[in-house]
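The values are calculated or read from the model by the stated rules, or taken from the named source; none is laboratory data. In this text the structure is predicted, and so the values were computed from the model without any measurement. Counting neighbours? That spans all protein chains shown, and the Cβs are built from the backbone with ideal geometry, glycine included. The protein model used for the area step is the full one, side chains on, heavy atoms only, and it has no ligands, DNA or RNA in it. Shrake-Rupley method; radii C 1.70, N 1.55, O 1.52, S 1.80 Å.
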Amino acid sequence: MSADGPAVVTLREIAAEDREAVAALAVRPDQVRFVAPNRSSFRHAEEEPEGHPWLRAVYAGDHLVGFVMLSDDVAPGDPVHPWRYFLWRLMIDARYQGRGYGRAAVELVVAYLHKRPNANALFTSYVPGEGSPAGFYARLGFAPTGEVFEEEIVLRLALDR
């Protein structure tokens, strides 16, 4: 994005005036079955406050490139949100994929979690199939838990302190 080198990736709160721009971000057509639209993620966040949704826009420099949503410190025993810290959504717009922004966004989430109570693991899940994000998550250190939740493979990343 810059002639001076890679852009600095940041996670920013989504202001009301930026919500439509975040909602308009989209993955490639072959990835649609693996990633819910951001508008759906906004709706899930509103309808499921017990999941303690933490939503952030992913920026590379001043360019909006993606979206992340985390379940942040969910109380143990919730049957709908069974993990305290869960990477609920991660998407990088098709125009910006392959530049390391997804990796950087997850690293920023992990840095945030190092400051959170009882954060010793981050969980996520993915829809299995050709073209799934399984390899991406494996390269970041996520490992399968052996669980399947709502037909998705559950992964765990140990958070070293």
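A few remarks follow.
- Q31 falls short on exactly one of the conditions (1) farther than 27 Å from H114 by Cβ; (2) surrounded by fewer than 15 Cβ atoms within 10 Å (Cβ to Cβ), and that condition is (2).
- Residues satisfying the stated conditions in the range 144-160, i.e. open to solvent by 60 Å² or more (accessible area, probe 1.4 Å), within 21 Å of A104 (Cβ to Cβ) and in a loop (DSSP other than H, G, I, E, B): D160
- Residue within the range 69-90 that is of a type in the set (G, A, S), surrounded by 15 or more Cβ atoms within 10 Å (Cβ to Cβ) and either farther than 17 Å from S125 by Cα or touching a residue at least 24 places away in the same chain (Cβ under 8 Å) (or both) present: no
- Some residue of the range 13-20 being touching a Phe, Trp or Tyr at 6+ places or on another chain (Cβ under 8 Å), modelled with pLDDT of 95 or more and either over 20 Å from V106 (Cβ atoms) or small (G, A, S) (or both): yes
- Residue tally, condition in a strand (DSSP E or B) and either surrounded by 15 or more Cβ atoms within 10 Å (Cβ to Cβ) or free of Cβ contacts under 8 Å to residues at least 12 places away in the same chain (or both), over the range 111-143: 6
- For beta carbons closer than 7 Å, sequence separation of 6+ or different chains, a first residue in the range 92-110 that is more than 14 Å from P6 (Cβ to Cβ) and a second that is surrounded by fewer than 16 Cβ atoms within 10 Å (Cβ to Cβ) and not hydrophobic (A, V, I, L, M, F, W, C), the qualifying pairs are A94/R28.
- Condition met for L108 (under 23 Å from I14 (Cβ atoms) and either open to solvent by less than 40 Å² (accessible area, probe 1.4 Å) or assigned to a loop (DSSP other than H, G, I, E, B) (or both)): no
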